[in-house]
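FYI, it's all coordinate maths here, none of it is from the lab. Every value quoted in this text rests on a predicted model; they were computed, and no experiment measured them. Cβ: placed from backbone, ideal geometry, glycine included. Neighbour counts: every protein chain shown.
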Amino acid sequence: MPIVLGVGQARWEPWLSLLGAAGLAVWLLLQPALIQGLPFMLRLPAILLGLWALGAAFLRPLALQAPRRRGHRLLSPPWSLVALALFALLLVGRALLA
């Protein structure tokens, strides 16, 4: 039975992360001050984390069909989901503190 649950999770996980990334992207479009208000030394890592997290979430459905290459590990679910969660926590923390 765990194999069936794993297959179902693998099928829905890219779509959930894609919807989460789209929501974060729209939120950043509506409130860019969440990132702009950071000092430059913190803003640059936040931007790079956001690029990785949102880019991986948007590219993951396409990367599942592409051949495995060097960058495939960064798009794989454990790392990209951690990056997406960290970026979401950063934005929520900035919104609560602002």
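Using the Karplus relation 6.51 cos²θ - 1.76 cosθ + 1.60 with θ = phi - 60°, the per-residue 3J(HN,Hα) values for the range 38-48 come to 6, x, 4, 5, 9, 5, 4, x, 5, 5, 5 Hz, with x marking Gly and Pro.
Along the range 13-25 the Karplus relation, 6.51 cos²θ - 1.76 cosθ + 1.60 evaluated at θ = phi - 60°, assigns HN-Hα couplings of 4, x, 6, 5, 5, 5, 5, x, 5, 5, x, 5, 5 Hz to successive residues, with x for each Gly and Pro. Among 80-91, 42-53, 23-34, the peptide with the highest mean count of other Cβ atoms within 10 Å heads the list, and the full ranking is 80-91, 42-53, 23-34.
Working note: Karplus 6.51/-1.76/1.60 with θ = phi - 60° gives the range 81-86 the couplings 5, 5, 5, 5, 5, 5 Hz, where Gly and Pro are set to x.
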